[in-house]
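Take a look at the structure set out below.
The values are calculated or read from the model by the stated rules, or taken from the named source; none is laboratory data. A quick note: this is a predicted structure, and the numbers were derived from the prediction, not measured. With ideal geometry, Cβ positions are generated from the backbone for all residues, glycine too; neighbour counts draw on all protein chains shown.
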């Protein structure tokens, strides 16, 4: 599809990964309108997410250093095991288990059936409504120091819904956090931190598969890659730079404002997709 299209998709990834509007859904939709009608694919999506996740590491570098260092100190008994930051490290590890297990169990379905535009339209609307309800009724009083095992479990299960394009990794976990009574900023911060193991694991795994067993034709029983390695690398770099800017904007935005604009956007996009599918302008797969 070329470097220009790869850059466009990298830009889309960076703009949408941290907003609760689903980056995978946008990559799927935008990929169709880039001239070839092709789905950029689950592997390309997973790999360029490494760029935006690297942006998370850079933006939250101080938080990550504090969590990791105190987790190790607590692990070896140098500080109390109930230290807040050390426990946060355990919760991130524990909360990553559901998405890893489900991702491995349903890998084929995720890469095929779940990429249907009908499913994407449905999840955009339904999870948009849930986000709106959670933002309206949530107490917004809890902070990350209030996180416990039951809450970490809910966060982890919510993140696993992001395996379905249209749900949104950040949107799903933030919605769960709001329903549990967490502040918007606290829910978003934990959402981004929780995503690090899962996204890096998925992206590196897809990168390994692509390098080890590249698919060159459908006749080989696999879906050939739409982008070359160089094009994918460029898209990943673009996603990193744009994502870093978007994180800073988003964290500042939700400190003072509601998620209503994102809810409205999700509903409009989902409805537009349904109209395009019903009229035959777009095909589901």
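Odds and ends about this structure:
- Which numbered condition residue 136 fails, given (1) assigned to a helix (DSSP H, G or I); (2) closer than 24 Å to residue 27 by Cα: (2)
- Residue 50 in contact (Cβ under 8 Å) with a residue 40 or more places away in the chain, under 13 Å from the mean Cα position of the chain (by Cα), within 18 Å of residue 231 (Cβ to Cβ) and surrounded by 16 or more Cβ atoms within 10 Å (Cβ to Cβ): yes
- Among residues of the range 43-60, those that are outside any loop (DSSP other than H, G, I, E, B), modelled with pLDDT of 85 or more and over 11 Å from residue 239 (Cα atoms), counted: 4
- If you go through the range 195-241 and pick out every residue that is under 16 Å from the mean Cα position of the chain (by Cα) and either modelled with pLDDT under 80 or not in a helix (DSSP H, G or I) (or both), you end up with 1.
- Annotation: residue 64 fulfils all but one of (1) modelled with pLDDT of 95 or more; (2) under 14 Å from residue 241 (Cβ atoms); the unmet one is (2).
- Total residues in the range 6-42, condition at pLDDT 90 or above, closer than 18 Å to residue 234 by Cα and part of a loop (DSSP other than H, G, I, E, B): 1
- Hey, residue 142 in contact with a strand residue (DSSP E or B) (Cβ under 6 Å, 6 or more places away or on another chain) and in contact (Cβ under 8 Å) with a residue 40 or more places away in the chain or not: yes
- Lone unmet requirement of (1) buried (at least 24 other Cβ atoms within 10 Å of the Cβ); (2) in a helix (DSSP H, G or I); (3) within 12 Å of the chain's Cα centre (by Cα) for residue 161: (1)
- Among the residues of the range 77-124, the ones that are part of a helix (DSSP H, G or I), over 12 Å from residue 165 (Cα atoms) and within 19 Å of the chain's Cα centre (by Cα) come to 17 in all.
- Matching residues in the range 231-245 - criterion: being out of contact with any helix residue (DSSP H, G or I) (no Cβ under 6 Å at 6 or more places or on another chain) and either more than 21 Å from residue 207 (Cα to Cα) or free of Cβ contacts under 8 Å to residues at least 60 places away in the same chain (or both): 233, 245
- So residue 34, is it surrounded by fewer than 23 Cβ atoms within 10 Å (Cβ to Cβ), free of Cβ contacts under 8 Å to residues at least 40 places away in the same chain, closer than 16 Å to residue 9 by Cα and more than 19 Å from the chain's Cα centre (by Cα): yes
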